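First comes the structure, then the notes that go with it.
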Amino acid sequence: MNAPSPTDTHKVTIVPEAEIAALMTPEDAFGAVEATFAAMATGAAYNFPVIREDIGHAEALYGFKSGFDRESLAMGLKSGGYWPGNEARGLTNHQSTVILFDADTGRVTALVGGNLLTALRTAAASAVSIKHLARPDAKVLGMVGAGHQSAFQMRAACAQRDFEKVVGWNYHPEMLTRLEDTARDLGLPFEAVSLEELGAQSDVIITITSSHQAQLMSDWVKPGTHIACMGTDTKGKQEVDAQLLARAAVFTDEVAQSVSIGEAQHAIAQGLIAESDIAQIGAVINGAHPGRSSAEEITLFDGTGVGLQDLAVAAKVVDLAVARGVATQVAF
Ligand code: NAD
């Protein structure tokens, strides 16, 4: 028997929310998410079923996203959810924390703030899809949505193509200033347009809203466009016309989530596409799937958000904190 001694020096690394911004860059998030999607496509990494509960308290939705990556040995979960009353208390409505474990022993290794990481890993996911699926000559970026995530999305997208202009639409027009300000920071002109006009102008479209019905119609999207649908992460949400998925080559982070809680849930339910029509973005990254087949093809990425993304960026932050000597470690 080798029972742990009372002087066992196992340490847990703590990276508080307030320290993440100084440690993690969009580039680091991009690299972590791209590698994770690739590992998911080979089967080396897999996500466990998502738990998301309406807990009947504070109108909150609470749950867990979790998984294991046999390549990087990232193992753990993101615990979090949505508390609509938080804003009135000066807090962010979405709250999350990542907990990492040692894959060899099961012991907890890290506790990491998950709010900024969620925005960075979600923006990295659509940016990965743009890198691998958008036409290289894409010039106009269309943004549908102007909430918290939208600025992160725009910045990450603009690192992937030489966009010359951003056009935007939002259900609440008063929020469009966020898109305008972000585009200005990036040195790009911004134009607020109708959704029809957005479809007519855009080479790449990102949808990042909490809509529960299709906003962007298939007929408005021109051939050759790449669309990253990032807002639909729950049953019942919808951002684009289900017909658009029938017209497009459809890719996703994880097929099981895409057909159940992602944008594809509606096209699947209506029988417009089959599960077998949806490819994993990781297969394109690995070279197992050719990706875009022509300049005219419409490609659509259904970014549902997987736990492994959270684990990958949290593990990266822990590495950075330790390497820079700023990690807080406590015996546990
Ligand atoms: P937010 O609350 O800051 O912004 C909400 C956005 O949705 C705004 O643009 C708002 O105008 C729009 N909206 C609200 N009601 C609408 C309606 N009825 N019709 C159309 N648009 C409407 O939220 P956020 O943090 O920017 O997140 C946006 C969405 O992205 C949410 O649905 C969130 O759950 C989702 N999300 C997905 C992932 C993922 O990995 N896929 C990760 C984080 C967030």
Open item on the list: Please go through (1) crowded, with 17+ Cβ neighbours inside 10 Å; (2) within 14 Å of the ligand (Cβ to nearest atom); (3) aliphatic (A, V, I, L, M) for Met175 and return the number of the only condition it doesn't satisfy.
Closed with: (1)
TODO: State which residue is farthest from Thr299 (Cα to Cα) when the search covers only the range 168-218 and only residues that are assigned to a helix (DSSP H, G or I) and aliphatic (A, V, I, L, M).
DONE: Met175
Task: Those residues of the range 60-80 which are within 20 Å of His148 (Cα to Cα) and surrounded by fewer than 19 Cβ atoms within 10 Å (Cβ to Cβ), in sequence order - done: Ala60, Leu61, Tyr62, Ser79
Task: Unmet criterion (only one of (1) buried (at least 23 other Cβ atoms within 10 Å of the Cβ); (2) within 13 Å of the ligand (Cβ to nearest atom)) for Val98 - done: (2)
Task: For Gly81: the one exception among (1) small (Gly, Ala, Ser); (2) over 25 Å from Leu195 (Cβ atoms); (3) modelled with pLDDT of 95 or more; (4) touching a Phe, Trp or Tyr at 6+ places or on another chain (Cβ under 8 Å) - done: (3)
TODO: Filter the range 47-59 for residues that are surrounded by 15 or more Cβ atoms within 10 Å (Cβ to Cβ) and either among the polar types (S, T, N, Q) or more than 16 Å from the chain's Cα centre (by Cα) (or both) and give the result.
DONE: Asn47, Arg52
TODO: For Ala22, indicate whether it is part of a helix (DSSP H, G or I), farther than 23 Å from Phe301 by Cβ and out of contact with any Leu (no Cβ under 6 Å at 6 or more places or on another chain).
DONE: yes
Task: Among residues of the range 221-240, those that are surrounded by fewer than 21 Cβ atoms within 10 Å (Cβ to Cβ) and more than 10 Å from the ligand (Cβ to nearest atom), counted - done: 5
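The values are calculated or read from the model by the stated rules, or taken from the named source; none is laboratory data. Bear in mind the structure is a predicted one, so any value in this text is a computation, not a measurement. Virtual Cβ from ideal backbone geometry, glycine too; neighbours counted across all protein chains shown.
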